[in-house]
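Colleague: Below: one structure in structure tokens.
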Amino acid sequence: MSEKTIIAPSVLSADFSRLGEEVETVCRAGADWIHLDVMDGHFVPNITFGPPVIKAIRNRTEKVFDCHLMIAPVDSFLGAFADAGCDIITVHAEATTHLDRSLQAIRDLGCKAGVSLNPSTRENVIEYVLDRLDLILLMTVNPGFGGQAFIPSVVEKVRRVKSMIGSRPIHIEIDGGVTPETAPLVAAAGADVLVAGSAVFKGGSEAYAKSIAAIRAASDGAMKKAA
Ligand code: DX5
Ligand code: ZN
């Protein structure tokens, strides 16, 4: 949807003891959005943070807070994430029984609504909710941890989702194993938002700008070729 790639660093790989500072630094380094990975130890085998932590870092930047909820159940927590200052709230199709209701609830809270699909989930589960969506997050790893290897079979799913969307103004976001090597594959297939955790945060704060620029250059080039 965007003509240029939106880069959304995941703070999952940041230094949690200095989270506010890390958010400021990565925004100065060129991040477009901040990706917030919320995990519950139930839907995914890991636990991270929740609304109070998001609220505490909200005043560090005005950039979009892109919240990826890996929690089940999810509906009863949506209000708390909206209140904490999330701009986009994404729920997993696999984590909610009534996806249409969850998406309506997110928009009713004044946020943009996203749905995420695990690598093994077929894209047809979102066929009847496309008009309720602002973003589709396609996982290119199994959710739960940073630093995992990109699953290449999802590239074909990106293409299919792109064609399902048609002219609707919906972002396609990719999450997991994004690097300058994998970014062009998904950008050429139609993705316009790339989440990157370890590829951005691994080299220390002096390298953030360079790492973001490398992913951006690789994906913008592929996007242009595909257009
Ligand atoms: C995984 C998370 C991702 C993760 C990406 O469950 O949703 O956002 O942090 O990390 P990398 O970029 O290291 O694969
Ligand atoms: Zn994520």
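Colleague: Please identify the pairs in which a residue from region 194-220 that is without any contact (Cβ under 8 Å) to a residue 24 or more places away in the chain and open to solvent by less than 30 Å² (accessible area, probe 1.4 Å) has its Cβ atom under 7 Å from the Cβ atom of a residue that is hydrophobic (A, V, I, L, M, F, W, C) and more than 9 Å from ligand 1 (Cβ to nearest atom), counting only partners at least 6 apart or on another chain.
Modeller: Listed by first residue and then by second, the contacts come to Ala199/Ile215.
Colleague: Just the residues that are of a type in the set (Gly, Ala, Ser) and either within 16 Å of ligand 2 (Cβ to nearest atom) or outside any loop (DSSP other than H, G, I, E, B) (or both), please, taken from region 115-144. Working first, answer last.
Modeller: Step one: list which residues in region 115-144 are of a type in the set (Gly, Ala, Ser), which gives 116, 120, 144.
Selection gives Ser116, Gly144.
Colleague: Let me ask you something else. Considering region 1-20 alone, what residues qualify as being more than 15 Å from ligand 1 (Cβ to nearest atom) and touching a residue at least 12 places away in the same chain (Cβ under 8 Å)?
Modeller: If we filter region 1-20 for residues that are more than 15 Å from ligand 1 (Cβ to nearest atom), which is where we start, we get 1-4, 17-18, 20.
Met1, Ser2, Glu3, Lys4, Gly20 - these are the residues of region 1-20 that are more than 15 Å from ligand 1 (Cβ to nearest atom) and touching a residue at least 12 places away in the same chain (Cβ under 8 Å).
Colleague: Hey, any hits in region 145-157 for a residue that's within 11 Å of ligand 2 (Cβ to nearest atom), within 21 Å of Val91 (Cα to Cα), buried (at least 18 other Cβ atoms within 10 Å of the Cβ) and touching a residue at least 12 places away in the same chain (Cβ under 8 Å)?
Modeller: Start the filter on region 145-157 by keeping residues that are within 11 Å of ligand 2 (Cβ to nearest atom), which leaves 145-146.
Next, from what is left, pick out any that are within 21 Å of Val91 (Cα to Cα): 145-146.
When the remaining residues are screened for being buried (at least 18 other Cβ atoms within 10 Å of the Cβ), the result is 146.
Within this subset, residues satisfying the condition of being touching a residue at least 12 places away in the same chain (Cβ under 8 Å) are 146.
Taking every residue of region 145-157 in turn, at least one turns out to be within 11 Å of ligand 2 (Cβ to nearest atom), within 21 Å of Val91 (Cα to Cα), buried (at least 18 other Cβ atoms within 10 Å of the Cβ) and touching a residue at least 12 places away in the same chain (Cβ under 8 Å).
Colleague: Follow-up question, since we're still on this one. Kindly check whether there is at least one residue in region 134-141 that is exposed (fewer than 14 other Cβ atoms within 10 Å of the Cβ) and modelled with pLDDT of 95 or more.
Modeller: No.
Colleague: With the checklist (1) within 15 Å of ligand 2 (Cβ to nearest atom); (2) open to solvent by less than 10 Å² (accessible area, probe 1.4 Å); (3) over 16 Å from Asp32 (Cα atoms) in hand, flag the one item Ala189 doesn't pass.
Modeller: Going through the list (1) within 15 Å of ligand 2 (Cβ to nearest atom); (2) open to solvent by less than 10 Å² (accessible area, probe 1.4 Å); (3) over 16 Å from Asp32 (Cα atoms), Ala189 breaks only (1).
Colleague: Can we say Ala217 is at pLDDT 95 or above, more than 15 Å from Ile7 (Cα to Cα) and more than 16 Å from ligand 2 (Cβ to nearest atom)? It would help to see each step written out before you state the result.
Modeller: Working: at pLDDT 95 or above: yes; more than 15 Å from Ile7 (Cα to Cα): no; more than 16 Å from ligand 2 (Cβ to nearest atom): yes.
Spelling it out, it is not the case that Ala217 is at pLDDT 95 or above, more than 15 Å from Ile7 (Cα to Cα) and more than 16 Å from ligand 2 (Cβ to nearest atom).
Colleague: State which residue is farthest from ligand 2 (Cβ to nearest atom) when the search covers only region 172-186 and only residues that are open to solvent by 30 Å² or more (accessible area, probe 1.4 Å) and part of a helix (DSSP H, G or I).
Modeller: Residue satisfying both the conditions and the ranking: Pro184.
The values are calculated or read from the model by the stated rules, or taken from the named source; none is laboratory data. Please read all numbers here as calculations on a predicted model, not as lab measurements. Don't worry about glycine lacking a Cβ; one is built from the backbone with ideal geometry, like all the others, and counts go over all protein chains shown. Protein only, heavy atoms only, side chains kept; ligands, DNA and RNA dropped before computing areas. Shrake-Rupley method; radii C 1.70, N 1.55, O 1.52, S 1.80 Å.
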